[in-house]
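Presented below is the structure to which this report refers.
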Amino acid sequence: MELEKLIEKFQQKDVKAFESLYTMYNDSIFGVIYTIVKNEDIATEILQDVFVKAWNKADSYNAGKGRFFTWLLNIARNAAIDKTRSKSFKNAQQNLDVDFFVHSIETNDSLDEKTNAIGLKKYVSKLAEKCKKIIDFIYFKGYTQKETSEALEIPLGTIKTRNRNCINELRKMLEV
């Protein structure tokens, strides 16, 4: 089924359309969420919440403002970041064993296989190094622009400008 028709049926609360879109996007969305929360159970829970929220707010999607996947990705990214900022998440992180962090550092490539299921890595890899860093921090690691500024020791205004410019470069690549 053509994607536009599928999305239209999804907006009309067609369960089969929901199932199809879930099948198409769940791995990619899970990858982005997992990259931010670094916990499979929490990422799975957030993934379910994201699709429920998308279902409930389906009428707010507007194809004129962007792609469906981007809309879904923004819901997921925001939900994952909200979770990491929650008190319960922070308390749970304090009780984690040090092996969790060693394993996470050794195995976690921010642009991992699940995130790359949509082919995003090939586009990001074509960007300048400064863009790769900013996109990695903000979109794959879930940092705020302020946190990215502090981590990279670059002024906040520069981070904001680069982020906007880098995303515009990605958009141009995807339009081709």
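Bear in mind that the values in this text are calculations on the coordinates, not laboratory data. Keep in mind the model is a prediction, meaning the values are calculated, not measured. Methodologically, a virtual Cβ is constructed for each residue, glycine included, from the backbone with ideal geometry; neighbour enumeration extends over all protein chains shown.
What is the projected area of the convex hull of the Cα atoms of segment 1-89, averaged over all directions, in nm²?
That works out to 5.7 nm², a quarter of the Cα hull's surface.
In which sequence would C131, C166 go, from the one with the fewest C-beta neighbours within 10 Å to the one with the most?
Fewest-to-most ranking of C131, C166: C131, C166.
At 7 Å along the Cα-to-beta-carbon direction for both E4 and D41, put a label point, then send me their distance in nm to one decimal.
For the pair E4/D41, the computed spacing is 4.5 nm.
Got a sec? How would M173, M24 order by Cβ neighbour count within 10 Å, fewest to most?
M173, M24
Could you go through segment 123-139 in sequence order and give the Karplus-derived ³J(HN,Hα) for each residue, using 6.51 cos²θ - 1.76 cosθ + 1.60 with θ = phi - 60°, rounded to whole Hz, and x for Gly and Pro?
Each residue of segment 123-139 in turn: 6, 4, 5, 7, 6, 4, 4, 5, 6, 4, 4, 5, 5, 4, 5, 6, 9 Hz.
Are there GluC sites (Glu not before Pro) in segment 1-45 that DSSP puts in a loop and that have at most 11 other Cβ atoms within 10 Å, and which ones?
Filter output for segment 1-45: E2.
For a Förster distance of 35 Å, can you work out the FRET efficiency between the beta-carbons of V52 and T161, rounded to the nearest 0.05?
Efficiency computed from Cβ-Cβ geometry: 0.45.
Please turn the phi angles of segment 160-169 into ³J(HN,Hα) values with the Karplus equation 6.51 cos²θ - 1.76 cosθ + 1.60 (θ = phi - 60°), one per residue in order, whole Hz, x for glycine and proline.
Karplus-based 3J(HN,Hα) across segment 160-169 equals 4, 5, 4, 4, 4, 5, 5, 5, 4, 4 Hz.
Could you go through segment 31-48 in sequence order and give the Karplus-derived ³J(HN,Hα) for each residue, using 6.51 cos²θ - 1.76 cosθ + 1.60 with θ = phi - 60°, rounded to whole Hz, and x for Gly and Pro?
x, 5, 4, 4, 4, 7, 8, 6, 8, 4, 5, 5, 4, 5, 4, 5, 4, 4
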